[in-house]
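Asks: Got a structure here, written out as structure tokens. Questions coming.
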Amino acid sequence: MGEIIGKTRELKSKGRRSYFRSLTLVVLIFLFISTIFLKNLVYYPSISKNSTVEITIPPGASTAYIADYLTQKGIVRNPLIFRLLTVAMGKDKELKPGNYIITPDLTLPEIVNLLAKGNIEQIKFTVPEGYTIKQIAELLEKKDIVKKEAFLEATSKEYSFDFLQGIPQGPNYLEGFLFPDTYIVAKDTTPEKIIEMMLGRFEQVYEEISKGKNPVANYSIREIVILASIVEREAKVDAERAKIAGVFVNRLKRGMKLRSCATVEYLLPETKPVLTYDDLEIESPYNTYKVYGLPPGPISNPGRASLMAALEPEETDYLYFTAKPDGTHYFSRTLSEHNQATARYQN
């Protein structure tokens, strides 16, 4: 009888321990999910990755008014969370009136700090498609945003993006990944912050356009960007980008040199309307008149259309193209045909 009671107690004890283990596991899972939910709710605004929102905070606006207003504008998911966050940060009495531009890269704490700091001067700038890192640096200095040398120095630093893994860090290792677009920054924004914005924009766009696509010849992201950067500098008309990409792919498959003038121009201090024979003889792994295959890195920062062209080149049997006066190109299948077209359109 005593043995039966002892076994019964032992079973009950095991049952309680099993129950508490299960309960503990459920609580931990709940806390884990809640933490992720709250992090997204608190740290990330609800505006689209591709949008920028302009807001106006009127004089005398309370934190409650601002919280509701930001929710209506689609910036804040929950007004109560915003109000609690301002209290936790000690900023609930410091939010200032003014006009603000909210970009999708800002977290909610950064938005709170922006509103607490006040209506600071913001600058809009546009990076044209096909600009090099050097040209971007010159543009930013001209806009009085950052010094050219400071920006160039910042491009050599390390940035935590998956698509940069495996690329040797150096002066031009970000070439091709600083996405050309329109950006809005505060006047005191650091070069590093601007670079992170541009890299983040590249990541967003590339994820959008590469979904469900199998890159030609199993190219890596970097190889796609290299090809796109050449297309960007060669093409003047969007309708021809995929066709130009297809010509380069055809030449690569046949073991032919790319012979792209754009890769030679990348080596020159300034671009020229017409390259000389001496230019074509420059010894460099970027000179595709001298070397086979793709150059070792991108020669510009390509836009969406050129990236899409490199991801999905047009399938043709063309191996050559030559520029026409109107900016379009004549495409040829044979060298003889190409030489005739060159004589017709460029002499």
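The values are calculated or read from the model by the stated rules, or taken from the named source; none is laboratory data. It should be emphasised that the depicted structure is a prediction, and the values quoted were computed from it without experimental measurement. In this analysis, Cβ positions are derived from the backbone assuming ideal geometry, glycine residues included, and neighbour counts consider all displayed protein chains.
Asks: Cβ-Cβ under 7 Å, sequence separation 6+ or interchain: first residue in the range 139-163 and touching a residue at least 24 places away in the same chain (Cβ under 8 Å), partner of a type in the set (A, V, I, L, M, F, W, C) and in a loop (DSSP other than H, G, I, E, B). Which pairs?
Replies: Sorted first by the residue in the range 139-163, then by its partner, the pairs are 140/146; 155/174; 163/177.
Asks: Continuing with the same structure: Out of (1) under 19 Å from residue 202 (Cα atoms); (2) of a type outside the set (D, E, K, R); (3) touching a Phe, Trp or Tyr at 6+ places or on another chain (Cβ under 9 Å), the odd one out for residue 71 is which?
Replies: Just one mismatch for residue 71, condition (1).
Asks: Shifting gears a bit: Can you spot a residue in the range 298-321 that is under 20 Å from residue 264 (Cβ atoms) and without any contact (Cβ under 8 Å) to a residue 60 or more places away in the chain?
Replies: No.
Asks: When you check residue 233 against the structure, is it part of a helix (DSSP H, G or I), crowded, with 20+ Cβ neighbours inside 10 Å and in the same structural domain as residue 164 (by TED's automatic domain parsing), yes or no? If you could, list the steps in order and put the result at the bottom.
Replies: Values: part of a helix (DSSP H, G or I): yes; crowded, with 20+ Cβ neighbours inside 10 Å: yes; in the same structural domain as residue 164 (by TED's automatic domain parsing): no.
Here the answer is no, as residue 233 does not meet what is asked.
Asks: Something else about it: Name the residues in the range 123-136 that are modelled with pLDDT under 90 and either surrounded by 16 or more Cβ atoms within 10 Å (Cβ to Cβ) or aliphatic (A, V, I, L, M) (or both), would you?
Replies: 123
Asks: Does residue 314 qualify as being in contact with a Gly (Cβ under 6 Å, 6 or more places away or on another chain), part of a loop (DSSP other than H, G, I, E, B) and either of a type outside the set (A, V, I, L, M, F, W, C) or not assigned by TED's automatic domain parsing to the domain that holds residue 172 (or both)? Give the derivation first.
Replies: Numbers: in contact with a Gly (Cβ under 6 Å, 6 or more places away or on another chain): yes; part of a loop (DSSP other than H, G, I, E, B): yes; either of a type outside the set (A, V, I, L, M, F, W, C) or not assigned by TED's automatic domain parsing to the domain that holds residue 172 (or both): yes.
Criteria met by residue 314.
Asks: A further question on this structure: Restricting to the range 186-218, and then to whatever is without any contact (Cβ under 8 Å) to a residue 12 or more places away in the chain and over 14 Å from residue 161 (Cβ atoms), can you tell me which residue is surrounded by the most Cβ atoms within 10 Å (Cβ to Cβ)? Let's see the steps before the verdict.
Replies: Restricting attention to the range 186-218, the residues satisfying the condition of being without any contact (Cβ under 8 Å) to a residue 12 or more places away in the chain are 193, 207-208, 211-212, 214, 218.
Restricting the remaining residues to those that are over 14 Å from residue 161 (Cβ atoms) gives 193, 208, 211-212, 214, 218.
On the way: 193: 15, 208: 13, 211: 7, 212: 5, 214: 10, 218: 7.
So, considering only residues that are without any contact (Cβ under 8 Å) to a residue 12 or more places away in the chain and over 14 Å from residue 161 (Cβ atoms), the one surrounded by the most Cβ atoms within 10 Å (Cβ to Cβ) is 193.
Asks: Now, a different point. Just wondering, is there one or more residues in the range 162-181 that are charged (D, E, K, R), out of contact with any Phe, Trp or Tyr (no Cβ under 6 Å at 6 or more places or on another chain), within 17 Å of residue 139 (Cβ to Cβ) and exposed (fewer than 15 other Cβ atoms within 10 Å of the Cβ)?
Replies: Restricting attention to the range 162-181, the residues satisfying the condition of being charged (D, E, K, R) are 162, 175, 181.
Those still in the list that are out of contact with any Phe, Trp or Tyr (no Cβ under 6 Å at 6 or more places or on another chain) too: 162, 175, 181.
Within this subset, residues satisfying the condition of being within 17 Å of residue 139 (Cβ to Cβ) are 175, 181.
Still in the list and also exposed (fewer than 15 other Cβ atoms within 10 Å of the Cβ): none.
Within the range 162-181 (the criterion being charged (D, E, K, R), out of contact with any Phe, Trp or Tyr (no Cβ under 6 Å at 6 or more places or on another chain), within 17 Å of residue 139 (Cβ to Cβ) and exposed (fewer than 15 other Cβ atoms within 10 Å of the Cβ)), the answer is no, since none of the residues qualifies.
Asks: A further question on this structure: Output the residue which, of all residues in the range 243-285 that are within 26 Å of the chain's Cα centre (by Cα) and of a type in the set (Gly, Ala, Ser), is surrounded by the most Cβ atoms within 10 Å (Cβ to Cβ).
Replies: 245
Asks: Let me ask you something else. Can you say whether residue 300 is surrounded by 18 or more Cβ atoms within 10 Å (Cβ to Cβ), in a helix (DSSP H, G or I) and either modelled with pLDDT of 95 or more or not assigned by TED's automatic domain parsing to the domain that holds residue 202 (or both), as far as the supplied structure shows?
Replies: Working: surrounded by 18 or more Cβ atoms within 10 Å (Cβ to Cβ): yes; in a helix (DSSP H, G or I): no; either modelled with pLDDT of 95 or more or not assigned by TED's automatic domain parsing to the domain that holds residue 202 (or both): yes.
Considered against the rule, which asks whether it is surrounded by 18 or more Cβ atoms within 10 Å (Cβ to Cβ), in a helix (DSSP H, G or I) and either modelled with pLDDT of 95 or more or not assigned by TED's automatic domain parsing to the domain that holds residue 202 (or both), residue 300 comes out as no.
Asks: Moving on. Taking the range 77-122 as the search range and keeping residues that are at pLDDT below 85 and of a type in the set (S, T, N, Q), which one is nearest to residue 205 (Cα to Cα)?
Replies: Ranking the qualifying residues of the range 77-122, first place goes to 103.
Asks: For the range 171-191, what are the residues that are modelled with pLDDT under 95 and farther than 24 Å from residue 231 by Cβ?
Replies: Matches in the range 171-191: 184, 185, 186, 187, 188, 189, 190.
Asks: Being of a type in the set (Phe, Trp, Tyr) and either at pLDDT below 95 or assigned to a loop (DSSP other than H, G, I, E, B) (or both) is the filter here, so list the residues in the range 242-292 that pass it. Steps first, please.
Replies: As a first pass, look at the range 242-292 and keep what is of a type in the set (Phe, Trp, Tyr): 248, 266, 277, 286, 289, 292.
The answer is 266, 277, 286, 289, 292.
Asks: For the range 318-347, what are the residues that are surrounded by fewer than 18 Cβ atoms within 10 Å (Cβ to Cβ) and either assigned to a helix (DSSP H, G or I) or among the hydrophobic types (A, V, I, L, M, F, W, C) (or both)?
Replies: Of everything in the range 318-347, those that are surrounded by fewer than 18 Cβ atoms within 10 Å (Cβ to Cβ) and either assigned to a helix (DSSP H, G or I) or among the hydrophobic types (A, V, I, L, M, F, W, C) (or both) turn out to be 323, 335, 336, 337, 339, 340, 342, 343, 344, 345, 346.
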